[in-house]
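The structure appears below as structure tokens.
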Amino acid sequence: MPAAAARGPLLHLRRNPAPRLAAARRSFSSSGMRCVSAAAAAGGGGRERRSSPAYGGLLLDAGGTLLQLARPVAQTYASLGRRYGMSKSEESIKEGFKRAFSAPWPKTLRYQGDGRPFWRFVVAEATECTNNDYFEEVYEYYAHGDAWHLPAGAYEALRDLKDAGVKLAVVSNFDTRLRKLLKDLHVSDMFDAIVVSSEVGHEKPAPEIFKIALDQIGVEASKAVHVGDDETADKAGANAIGLECWLWGQDVRTFSEIRDQILTKFPQ
């Protein structure tokens, strides 16, 4: 769910690197934030440690960014479907899943309340199985935290950002299962706001859902950044209100990179 590339800068040490690196290491804060002063590392030259974060707020997409699947959707659909006589291949299920998501949805929102009408359509389109018991088993599987996991280092990075005073929000096109999932994965309390499309009546890329999140955390769009994995829903939606967006998997690939980009300033 992408924005201009924001890669972690490198410290350029031209002379006596070992002593300078030792001095830099001593400047690490006890909270674990690696906002190393280049002035300390390079003997007082050009780059300096920020006295405050580069951004006052971080908005995060859920599915595909903060929440990663424990195993591929097609594998789950296929394995759960066997007892119901569903024999489609994982490749066919994968193609059907993509087809379902690209199909026009007649209602204003895909995710209304628990999202069952939309997900019933997706499961049937992907598997050609309309057995209600099968659908309910699939639906309930994804309602529990063990169907998902956080990216490596996500919890630690969020903790460091929160300790530094950065306001955190989830902004997601999701149904009412999301809050439970965040609790199951022990990150719910990290966030100052959790904005779910099925609850607020707006889905990304609509500007309203981003504005609601910014209002709830009290940060202006120009002082926040959004991270998501969808070019349209995340990047185009955020950019439309003047909110910077980094695409997960392109502009940033790890949560430690997100943390370092927010907590460290390297002037041009």
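The values are calculated or read from the model by the stated rules, or taken from the named source; none is laboratory data. None of the values given here were measured: they were computed from a predicted structure. Neighbour counts are summed over all protein chains in view; Cβ atoms, including those assigned to glycine, are modelled from backbone coordinates with ideal geometry.
Tabulated data
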read-out	value
Flag for GLN261 being more than 17 Å from LYS167 (Cα to Cα), surrounded by fewer than 24 Cβ atoms within 10 Å (Cβ to Cβ) and polar (S, T, N, Q)	no
Test: residue in the stretch 70-91 that is in contact with a His (Cβ under 8 Å, 6 or more places away or on another chain), more than 22 Å from ASN131 (Cα to Cα) and either among the aliphatic types (A, V, I, L, M) or at pLDDT 95 or above (or both)	yes
Among the residues listed as ASP114, ASP133, the single one being over 24 Å from THR254 (Cα atoms) and outside any helix (DSSP H, G or I)	ASP114
Residues satisfying the stated conditions in the stretch 95-111, i.e. assigned to a loop (DSSP other than H, G, I, E, B) and among the aliphatic types (A, V, I, L, M)	ALA103, LEU109
Condition check for VAL196: aliphatic (A, V, I, L, M), at pLDDT 95 or above and within 22 Å of THR264 (Cα to Cα)	no
Within the stretch 103-136, considering residues that are hydroxyl-bearing (Ser, Thr, Tyr) and farther than 23 Å from MET86 by Cα, the one nearest to the chain's Cα centre (by Cα)	TYR111
Some residue of the stretch 7-28 being at pLDDT below 50 and closer than 27 Å to GLY237 by Cβ	yes
The stretch 57-79, subset small (Gly, Ala, Ser) and part of a loop (DSSP other than H, G, I, E, B), residue nearest to ASP251 (Cα to Cα)	GLY64
